[in-house]
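The values are calculated or read from the model by the stated rules, or taken from the named source; none is laboratory data. In this text the structure is predicted, and so the values were computed from the model without any measurement. When we count neighbours, we look across all protein chains shown, and the Cβ atoms used for this are built from the backbone with ideal geometry, even at glycine. Ligands, DNA and RNA are stripped out before the accessible areas are found, and what is left, the full protein with its side chains, is counted by its heavy atoms. Shrake-Rupley method; radii C 1.70, N 1.55, O 1.52, S 1.80 Å.
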Amino acid sequence: MLDVRKLVVLRAIAAEGSIAAAGRALKYTRSAISQQLTALESEAGTALVERAGNRVTLTPAGRNLVEHAERILAELRAAERCCPPTRPA
């Protein structure tokens, strides 16, 4: 099963256009973003980005996965609104 946190990383890479910028946006190191991306590509069994210098572009599989990630994350936000965590008394 794909890890939601890694999907958040992929979405940030797509939005920011680079691993370094995604790291800044998520407040992670560039290395952490790169490791998460590598792990996600391994889980997905395919390349999700094409690297060109400091910039990255999504592969067709990467674009497809980001589309799914957007829906998944929207559903998770809706579920959180429905059932907010309780605070200890």
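Would region 19-30 turn up any residue that is among the small types (G, A, S) and at positive phi?
Residues of region 19-30 that are among the small types (G, A, S), as a first pass: 20-23, 25.
The next check asks that each one be at positive phi; those that pass are none.
No, the conditions are met nowhere in region 19-30.
Quick check on this structure: which one of L2, L76, L65 is of a type outside the set (S, T, N, Q), out of contact with any Ser or Thr (no Cβ under 8 Å at 6 or more places or on another chain) and open to solvent by less than 50 Å² (accessible area, probe 1.4 Å)?
L65
So A20 clears everything in (1) within 13 Å of the chain's Cα centre (by Cα); (2) open to solvent by less than 60 Å² (accessible area, probe 1.4 Å); (3) in contact (Cβ under 8 Å) with a residue 24 or more places away in the chain except one condition, right? Which one?
Against the list (1) within 13 Å of the chain's Cα centre (by Cα); (2) open to solvent by less than 60 Å² (accessible area, probe 1.4 Å); (3) in contact (Cβ under 8 Å) with a residue 24 or more places away in the chain, A20 comes up short only on (1).
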